[in-house]
Amino acid sequence: MATKYRIFGSELSPYSVKIRSYLRYKNIPYEWVVRGSWNMEEFSKLAKLPLIPLVVTPSDAVLQDSTPIIEHIESQYPSPSIHPKDESLKFISALIEEYGDEWGNKLMFHFRWWHSDDRNACARVLAYSRVVGDDEEEIEKVTASIAERMVTRRHFTGSSKDNAPLIKRYLNELLSLLEHHLSSHRYLLGERPAFADFGLAPQIYELASDPTGGGIIKNRAPHTLAWSQRMLEPKNEGDFLKWEDLEPTLGPILYNVGNFFLPWSSANTNAIKQNKDLFSVDLDSEKYTQNPQKYHAKSLASLKERFQAVRDHTQVDRILENYNCLKWLI
Ligand SMILES: N[C@@H](CCC(=O)N[C@@H](CS)C(=O)NCC(=O)O)C(=O)O
């Protein structure tokens, strides 16, 4: 039996970085195992899905999917908690975690794989993490095959010519909102990291590590960049704040969740129920079209269950109603 958690992951995988940040915050010993050609056989034997992160616990249980992985470990290591005691804030934090995983990823993924300069740079970084040795020809071959494969996968997250200007707008808005909030707070819910930070920060970290995304964020959102880097080694630097103290700058982020992410996620779920191959949704009066994503329907359903489980809805319903989120969750 191992004594440490093992994370099969990659520096370019936001969900892997998310789990690593979480284990660091909890001070839980882990081994970071870069998934590559040398351990693909071991990985494939363990993996139910060909996805990273994959976590092997000290008792040899295999876990996949970053949100349930964190929930599982949190139940065993509740302190320091990533959840505020206040039920409303706890749910808002989970909502932003989901927003980070699904919407933040859509923005990052598009910028990473859309322009050839970004695509080739990332494919090359990935190639170097996968190939043992210094065979330039082999590196070139792997780089080209990763880049080609990712072009065929772009549509899964809605990255398309028609959506490109919309996604650019979504990113600009999110960065402005985050920058405003994070210029006066160390973390999203105050002065210590919450579930929300673990979901959203890794997507921004990945964006910042890419040529175009890095340029945008360094120019326009330095506090946001610093937060995403702080989240690599998150620490308690104070307390979670009250909603009243967070609202002036966190409220607008929730409004973005309610005007973009939740209507998109809800339209995606409806499209899956209706067996559609393609769906369109009006997001702030602009039409956004993509193929439905099965996983997101599952994760929206889990979020709704989490919402149902809140015991006292008085405050959370009022907040979510004020920021256009409530109707998508009931
Ligand atoms: N919902 C999953 C998403 C995992 C995921 O999409 N992982 C990507 C990397 S970030 C992946 O493994 N893609 C296939 C590959 O890299 O081979 C989670 O939260 O863990």
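The values are calculated or read from the model by the stated rules, or taken from the named source; none is laboratory data. Quick caveat, the model's predicted, so the values are computed rather than measured. Quick reminder, even Gly has a Cβ in these numbers, built from the backbone with ideal geometry, and neighbours come from all protein chains shown. Ligands, DNA and RNA are excluded from the accessible area calculation, which covers all protein heavy atoms including side chains. Shrake-Rupley method; radii C 1.70, N 1.55, O 1.52, S 1.80 Å.
Some points to look at:
- Here is what passes the span test in the chain: the DSSP H helices with alpha carbon length of 24 Å or more along the helix axis and a Kyte-Doolittle mean of 0.0 or above are 164-182.
- Surface composition of segment 134-178: carbon plus sulfur atoms contribute 53% of the solvent-accessible area (1.4 Å probe, protein chains only, all chains present).
- Within the chain, DSSP assigns beta bridges of which about 70% are antiparallel (rounded to the nearest 5).
- Efficiency of FRET between residue 169 and residue 138 - r from beta-carbon atoms, R0 41 angstrom, step 0.05: 0.55
- Length-normalised contact order for the chain - Cα pairs under 8 Å, 6+ apart - percent: 19
- Estimated 222 nm signal from helices in the chain, with DSSP H stretches of n ≥ 4 weighted -39500 (n - 2.57), rounded to 500: -18000 deg cm²/dmol
- The distance linking segment 1-73 with segment 239-293 is 29 Å (Cα centroid to Cα centroid, whole angstrom).
- The chain, accessible area per residue, ligands and nucleic acids excluded (1.4 Å, Å²): 46
- Electrostatic bookkeeping for residue 227 treats Lys and Arg as +1 and Asp and Glu as -1; over the other residues with beta carbon under 11 Å from its beta carbon, the sum is 0.
- Global geometry of segment 266-328, whether rounded, prolate or oblate, following the gyration tensor of its Cα atoms and the 1.5 cut on a/c: oblate
- Residues 110, 313, sorted by accessible area with the largest first, give 313, 110 [1.4 Å probe; ligands and nucleic acids excluded].
- Computed over segment 115-157, relative contact order equals 42 percent, with contacts defined as Cα pairs under 8 Å that lie 6+ residues apart.
- In a DSSP loop and with at most 10 other Cβ atoms within 10 Å, the trypsin sites (Lys or Arg not before Pro) in segment 1-89 are 48, 85.
- In terms of accessible area, using a 1.4 Å probe and ignoring ligands and nucleic acids, 227, 38 rank largest first as 38, 227.
- FRET E, pair residue 37, residue 302, Förster distance 51 Å, beta-carbon r, rounded to 0.05: 0.90
- Taken as Cα centroids, segment 155-187 and segment 81-131 sit 11 Å apart, rounded to the nearest whole angstrom.
- Remark: the chain projects, on average over all directions, an area of 16.9 nm² (convex hull of Cα atoms).
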